[in-house]
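Colleague: This is the structure, below, for whatever I ask next.
Every read-out reported here was derived from the displayed coordinates using simple, explicitly stated rules and does not represent laboratory data. Remember, predicted model here, so these are calculated numbers, not experimental data. As a convention, Cβ positions derive from the backbone with ideal geometry for all residues, glycine included, and neighbour counts pool all protein chains shown.
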Amino acid sequence: MQYSIPRGTYDILPEESPKWHKVIAEFRKLVEAYGYAEILTPIFEQADLFERSSGKSSDVVKKEMYRFTDRKGREFALRPEGTAPVARSYIENRMDIGSLNKKLYYLGPMFRYDRPQAGRYRQFYQYGVEFIGSNHPYYDAEVIAILWNYLTGLGLKKLRLELNSVGCPNCSKDYDKALQSYFQPYLNQLCPDCQERFERKPRRILDCKVKECQEIAKNVPVQLDYLDTSCIEHFAEVQQYLDLMKIPFTINPRIVRGLDYYTNTAFEVIYEGIGAQNALAGGGRYNGLIEQIGGKNIPAVGFAGGFERLLLALEEEAIALPGHPVPEVFIITIGSEAQKIIIPYLNIIRGKGIYAEYEPDRASLKAQLKAANNSKAFYALIMGEEEVKQKSAILKNLESGEQKLYSLEPISHLIKAIQNKEI
Ligand code: AMP
């Protein structure tokens, strides 16, 4: 019996993991500069949390959620996204007490049952931030700035930030009516899902992936024309803050975002050149969500992006990412006495955080030197019979060939030489 990995998932192999470490480390560094703190939530939640927050008619809930019943008959789901769990935790842990504004970030796997393709997986890894507690348009811009600075800071150039406002429940009603009048004549031509959406959530038709529906929706009225005064003002102010932050954007009135809870600002960062799945990240304001799932009426704004598409984009622009680290020193011993002497020191050297390799299964000096060269180590530390007598070892710079004898006592001298690259 040979096992294979589930469709739509992937292994991050050792050659790849340093790249992941790098993009994750850069994300942490940046968001922490904006005062965001990490929150970790479980990878499964009550299924109802996602139904309530994303909307029962959303694709994510209807078609893409990994649902399961536990041994006691309770309905759970692997999280398809990170915002609802963060909002659930915010309410449950009474984070609204004390300082109202909470700046949270998360990293972790999400799960959606969808047709796998380049940039689309069934388990994928997201980074995201949530700013909870204020409706000030400055924060919409700040959240966008984090995303933009992260992506451009990694060196990406072919990015496009698209911005829209999806209004508030107040102005959405008028817009929904306008959409219904628009779609009414085409009702029979829409897919069965969209016929259902027509009644309850006509805006979802704009998100439909069926070609005929997309064709019909080509000339729909845009939400921007239906915003009320306060939504128009909010949108204008977000743009002013983005201008102040020198973040370039274009208005795309077609951005609807797939989930029910968005209000006002909605945005996406698009990257051309990685195939059909070209949204690197997306987000927006979700003022209604916390109340919708049982909390107070507390406004919030956030975004999420996927590392898989980000890594594809970095590859597309040939932006170098770290590979497997190379050893600082490769230990070479000849004979069992040398091995006995060197092993305790090897542990001390590694304990100082110096990456040291040792492959005692290679016996000859020649084989060990070859392995050291292949590893691209900076130094070899060689202990032969002569050195055993003196309790010392030869430190050899493998590039220049220069070498020097070091006593093993005190070991601090040798450690300093390696750390400071003395030869
Ligand atoms: P969404 O919540 O659908 O707006 O997703 C936010 C971001 O997560 C997207 O822009 C992608 O970068 C990433 N993403 C969403 N779904 C997937 C998926 N199935 N596979 C890989 N990345 C995804």
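Colleague: Provide the net charge surrounding Gln292, with neighbours chosen by a C-beta distance below 9 Å and charges set as Lys +1, Arg +1, Asp -1, Glu -1.
Modeller: -1
Colleague: Highest mean first, what order results for 195-201, 56-62 on Cβ atoms within 10 Å?
Modeller: 56-62, 195-201
Colleague: Checking the cross-link filter: which aspartates and glutamates have an alpha carbon closer than 13 Å to that of Lys218, excluding same-chain neighbours under 8 positions apart?
Modeller: Correct list for Lys218: Asp207.
Colleague: I've got another one for you. Can you tell me how much longer the chain between Ser375 and Arg254 gets when fully stretched, taken as 0.36 nm per residue apart minus their C-alpha distance, in nm with one decimal?
Modeller: Length gained, Ser375 through Arg254: 38.4 nm.
Colleague: Taking every eigenvalue of the Cα gyration tensor of the chain, multiplying by 5 and rooting it, what semi-axes result, largest first, whole Å?
Modeller: 55, 23, 21
Colleague: Quickly work out the Asn347-to-Ile43 label distance, labels modelled 7 Å from Cα along the C-beta direction, and quote it in nm with one decimal.
Modeller: Result for the modelled spin labels: 3.5 nm.
Colleague: Which values of log₁₀ I(q)/I(0), to two decimal places, follow from the Debye formula for the stretch 105-245 at q = 0.12, 0.13 Å⁻¹ with a uniform point scatterer at every Cα?
Modeller: Here the Debye-derived log intensity ratios amount to -0.72, -0.84.
Colleague: How many nm is it between the label spots at Glu26 and Thr229, if each spot is 7 Å from the Cα in line with the beta carbon?
Modeller: 4.5 nm
Colleague: Taking 0.36 nm per residue of separation and subtracting the Cα-Cα distance, what length does fully extending Lys72 through Gln2 add?
Modeller: That works out to 21.9 nm of additional length.
Colleague: Run the quick spin-label model on Lys296 and Lys340: label points 7 Å from Cα toward the beta carbon, then report their separation in nm to one decimal.
Modeller: 7.2 nm
Colleague: What's the angle, to the nearest 10 degrees (0 to 90), between helix 137-153's Cα axis and the longest principal axis of the chain?
Modeller: 40 degrees
Colleague: Here's something else I'd like to know. Within the stretch 221-261, name every residue whose backbone N is under 17 Å away from a label modeled 7 Å from Cα of Asp174 along the Cβ vector.
Modeller: Of the residues in the stretch 221-261, 221-236 have backbone N under 17 Å from the label point off Asp174.
Colleague: Which of rounded, prolate, oblate describes the stretch 191-283, given a ≥ b ≥ c as roots of the alpha-carbon gyration tensor eigenvalues and a/c under 1.5 marking rounded, otherwise prolate only if a/b is larger than b/c?
Modeller: Taking the square roots of the gyration eigenvalues as a ≥ b ≥ c, the stretch 191-283 is oblate.
Colleague: Same structure, new question: Helix 17-33 against the longest principal axis of the chain: what's the angle in degrees, Cα atoms only, rounded to the nearest 10?
Modeller: Approximately 60 degrees, to the nearest 10.
Colleague: May I pose another question? Mind jotting down the distance between the C-alpha centroids of the stretch 64-92 and the stretch 16-49, whole Å?
Modeller: Cα centroid to Cα centroid, the span is 18 Å.
Colleague: Relative to the longest principal axis of the chain, what angle (0 to 90°, nearest 10) does the C-alpha long axis of helix 229-244 take?
Modeller: The angle comes out at about 30 degrees.
Colleague: Okay, moving on. Highest first, please rank the peptides 29-37, 262-270, 63-71 by the mean number of other Cβ atoms sitting within 10 Å of their residues.
Modeller: Per-residue Cβ counts within 10 Å, averaged per peptide and sorted highest first, yield 262-270, 29-37, 63-71.
Colleague: Taking amide H positions as placed in the peptide plane 1.01 Å from N, state which residues far from Thr333 in sequence (5 or more) or on other chains have amide H under 5 Å from it.
Modeller: Met383
Colleague: Rounded if a/c is under 1.5, else prolate if a/b beats b/c, else oblate: with a ≥ b ≥ c from the C-alpha gyration tensor eigenvalues square-rooted, which is the stretch 329-419?
Modeller: Judged from the Cα gyration tensor, the stretch 329-419 comes out rounded (a/c under 1.5).
Colleague: On to the next question. Going Cα to Cα from Lys370, which lysines come in below 29 Å? Please leave out same-chain ones fewer than 8 positions away.
Modeller: Of all the lysines, those that pass the test against Lys370 - Cα under 29 Å, at least 8 places apart if same chain - are Lys19, Lys340, Lys352, Lys389, Lys391, Lys396, Lys404, Lys416, Lys421.
Colleague: Here is the link list: Lys56/Lys209; Lys63/Lys209; Lys103/Lys157. Which ones come out longer than 20 Å on Cα distance?
Modeller: Those over the limit are Lys103/Lys157.
Colleague: Arrange the peptides 305-315, 348-358 so that the one whose residues have, on average, the most other Cβ atoms within 10 Å appears first.
Modeller: Per-residue Cβ counts within 10 Å, averaged per peptide and sorted highest first, yield 305-315, 348-358.
Colleague: Once amide H atoms are placed 1.01 Å from N in the peptide plane, what residues at a sequence separation of 5 or more from Cys168, or on another chain, have their amide H within under 5 Å of its amide H?
Modeller: Amide H neighbours of Cys168, under 5 Å, 5+ apart: Asp228, Asn264.
Colleague: Under the rule a/c < 1.5 gives rounded, and otherwise a/b versus b/c splits prolate from oblate, where does the stretch 20-164 land using the Cα gyration tensor?
Modeller: It is oblate, given that a/c is not under 1.5 and a/b is not larger than b/c.
Colleague: For a paramagnetic label modelled at 7 Å from the Cα of Ile354 toward its Cβ, which residues of the stretch 387-423 fall within the zone defined by backbone nitrogen distances under 13 Å?
Modeller: Within reach of a label on Ile354: 393-397, 404-423.
Colleague: Right, something else. List the residues, sorted by chain then number, that are 5 or more residues from Met65 or on another chain and whose placed amide H is less than 5 Å from its amide H.
Modeller: Under 5 Å from the amide H of Met65: Tyr113.
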